[in-house]
Structures are given as structure tokens and as C-alpha cells.
Amino acid sequence: MNDYEIYIDASVDIDPAYITDNEIRVIPMNYTIGGEEKTLRGGETPEELHEFYERMRNDELASTSQITPFAYDQAFGPAVAKGKAILSISLSSGITKTYESAQVAVEGLREDYGEDNVQVELVDSLAGTGGMGLMLMLAIRNRNAGMSLSENASFLREHARRICHWFMVEDLKYLKHGGRISPTTAFLGNALNIKPILKIADDGSLAIIGKQRGSMKAVNQLVTLYQNAKNTSLGEDVMICHADAPEKAEMAKEKILECNPMAKIQIRPLSLIIGAHVGPGFLTIDHFGNRNFM
């Protein structure tokens with residue numbers, strides 16, 4: 001059966017037109033900036049994104065909320081009531097408990113409608129930002145090729161760790177706010193112009209794997225990681241996502257094309273859900289390959 005709907009969290013980074021063209025259902029996510037509560041639905045304009053990061057630059061605190069079981073119930077319920085099948089892709093369980101919320105919601109729907117009447121496959125992406133976009137591309141490609149709901153879900157779970165994420169953070173104060181580093185480390189790191197290099201590990205969590213002095217060296221390090229980790233058996237697609245830092249994104253694109261002219265690169269603005277935790281200037285290169293080549 002390949003007649004099923006695909007749902008994904010609003011934190012996904014991908015062209016909104018691609019979402020619309022493939023009739024993907026986006027599950028909203030809530031965030032707060034400067035004490036003002038807002039809802040991310042996908043498709044935010046460049047102006048809205050720039051305003052968000054400008055507010056962060058002006059020291060307005062940003063935070064996010066995971067999707068609740070109730071929100072998933074509201075999203076899935078109407079489709080389940082009509083007998084429709086669902087494939088849902090969630091932001092990595094190593095970053096948020098959103099996937100657990102989806103599980104709770106599906107358990108409730110099965111109690112309401114009966115086990116056999118709820119055809120929902122939940123996939124923990126173990127990914128974020130453009131990596132979720134790459135997983136969505138795989139899901140759509142598989143569905144279009146006639147892959148059944150269960151086959152598609154199994155494929156995505158099996159290949160989740162084949163999606164690589166390499167990040168750089170511009171300002172350490174945002175890692176300090178999230179409790180990832182101490183205030184002293186943040187102060188000294190910024191004074192020395194240190195840019196942490198991170199990845200998403202096999203368990204879907206963020207891991208600091210190095211550091212560079214200065215943004216240009218950090219971008220070069222991300223490109224080197226891409227070169228060493230890439231495996232194009234799933235595709236040449238590369239997602240470069242940035243938090244109001246288009247110049248860095250273009251620099252990374254040029255360097256990737258120098259080493260791999262076949263790369264199919266999309267540059268996308270970073271979701272506010274991730275941006276709230278890493279701050280303006282953040283850059284990520286996401287692609288198919290081997291997370292653990294190091």
C-alpha cells in the first residue's frame with residue numbers, strides 16, 4: 001500500500017514549495033522570543049527569519065517547546081478517522097522528546113479506534129535541520145516508487161544514520177544558554193574567536209567534535225568533514241542551512257562544488273526551532289554518508 005500521507009515536524013529545513021507540491025502535512029511547533037509566544041508552521045519568509053535572529057542578536061532570549069501528544073492527536077486524528085494511513089517523521093529523539101509525544105498520541109488513537117484501524121508508522125529521524133529534509137526526500141521518493149507504508153518506514157529507520165550533519169556555532173553564548181558549556185568557557189572562547197564544530201551522533205544527540213579559530217577555518221572544516229564522510233549511494237543531495245548567515249552558506253557551497261561538481265546543493269534558512277538554541281551565524285552541511293568515518 002503506497003496510498004498514505006506523510007507528516008513531518010515544522011523544524012524540517014527544505015523548500016516550502018517541495019512540501020506543498022508533495023502534499024506533506026507539517027505539524028506546527030511552538031517557540032518563544034523575548035517572552036512572546038509564537039507558532040512555527042513552515043514557510044516563514046526571509047524577513048521573518050531575519051527579524052528573529054536580529055532579536056537574538058539584541059539579547060532577547062529564545063526557547064522552544066516540544067510537540068505535545070495532544071498536538072499529534074489533533075494532527076493525526078482526522079486522517080485516522082477517515083481510515084487513512086500515516087508515515088510521520090519526527091525531530092531526533094536525541095534532541096527533543098517529540099518522538100515520544102507521537103508515540104503517546106498513537107497509543108491513544110489505537111485505544112479510541114482499535115489497533116487494526118490505526119495505520120501509523122512513526123520514524124525517529126535521528127536528524128535535524130537539513131538532515132530531516134534529506135530524510136523527507138527519501139520518504140517521498142520511496143512512496144513515489146511504490147514502496148508500502150511499512151517498507152518505507154523500515155527503509156528510513158535503517159538508513160537514518162546514513163545522514164550526516166556537520167555544524168559550526170558562531171557565538172558561544174547560545175551554547176552557554178542551553179547548558180552545553182560553562183559561562184567561563186563561553187567567555188574565553190568568544191574572546192579567542194573559537195568556533196565549535198559539532199555533529200549529530202548515532203543516538204541522535206549533539207556532540208562537539210572539534211573547534212576552529214575564526215569562521216573561515218570553521219567553514220573549511222565542515223567542508224573537509226563532508227569530503228571525508230560523503231557516500232553518494234543514496235544521492236548527491238547536500239543541504240546547507242544557515243542562521244541568517246548567507247555569505248557563509250555561499251562560501252560552503254563554492255567549496256563543496258570545487259571538490260564535488262556533481263553535488264546537488266540546496267541553501268536553506270535554518271528553522272527557528274534549531275536556531276533558538278544555536279543562535280545567528282550558525283551553519284550546517286547535511287548530506288548522505290558515514291557519520292562515524294572519524
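The values are calculated or read from the model by the stated rules, or taken from the named source; none is laboratory data. As the structure is a computational prediction, the values presented were derived from the model and not from experiment. Glycine gets a Cβ as well: all are built from the backbone with ideal geometry, and neighbour counts include every protein chain shown.
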Those residues of segment 81-120 which are free of Cβ contacts under 8 Å to residues at least 60 places away in the same chain, closer than 18 Å to residue 2 by Cβ and in contact with a Phe, Trp or Tyr (Cβ under 9 Å, 6 or more places away or on another chain) amount to 120
Take the conditions among the small types (Gly, Ala, Ser), in contact with a helix residue (DSSP H, G or I) (Cβ under 9 Å, 6 or more places away or on another chain), under 28 Å from residue 144 (Cα atoms) and outside the structural domain of residue 237 (by TED's automatic domain parsing) and apply them to residue 62. Does it pass? no
Of these, 129, 45, 68, which one is at positive phi and either in contact with a Cys (Cβ under 8 Å, 6 or more places away or on another chain) or hydroxyl-bearing (Ser, Thr, Tyr) (or both)? 129
Regarding residue 93, is this residue assigned to a loop (DSSP other than H, G, I, E, B) and of a type in the set (Gly, Ala, Ser)? yes
What pairs come up if the first residue lies in segment 138-155 and is in the same structural domain as residue 127 (by TED's automatic domain parsing) and free of Cβ contacts under 8 Å to residues at least 40 places away in the same chain, the second is surrounded by 16 or more Cβ atoms within 10 Å (Cβ to Cβ) and part of a loop (DSSP other than H, G, I, E, B), and their beta carbons are under 7 Å apart, counting only those six or more places apart or on different chains? 155/147
Which of (1) more than 12 Å from residue 287 (Cα to Cα); (2) modelled with pLDDT of 95 or more does residue 162 not meet, given it meets every other one? (1)
Would you kindly identify the helices (runs of 4 or more DSSP H) lying entirely within segment 189-294 that contain at least 1 residues that are in contact (Cβ under 8 Å) with a residue 60 or more places away in the chain, surrounded by fewer than 18 Cβ atoms within 10 Å (Cβ to Cβ) and of a type in the set (S, T, N, Q)? 215-229
The condition of being out of contact with any strand residue (DSSP E or B) (no Cβ under 7 Å at 6 or more places or on another chain), more than 16 Å from residue 26 (Cβ to Cβ) and either acidic (Asp, Glu) or not assigned by TED's automatic domain parsing to the domain that holds residue 35 (or both) holds, among 171, 124, only for 171
Please specify each residue of segment 186-210 satisfying the condition of being more than 14 Å from residue 278 (Cβ to Cβ) and in contact with a Gly (Cβ under 8 Å, 6 or more places away or on another chain). 193, 201, 203, 204, 205
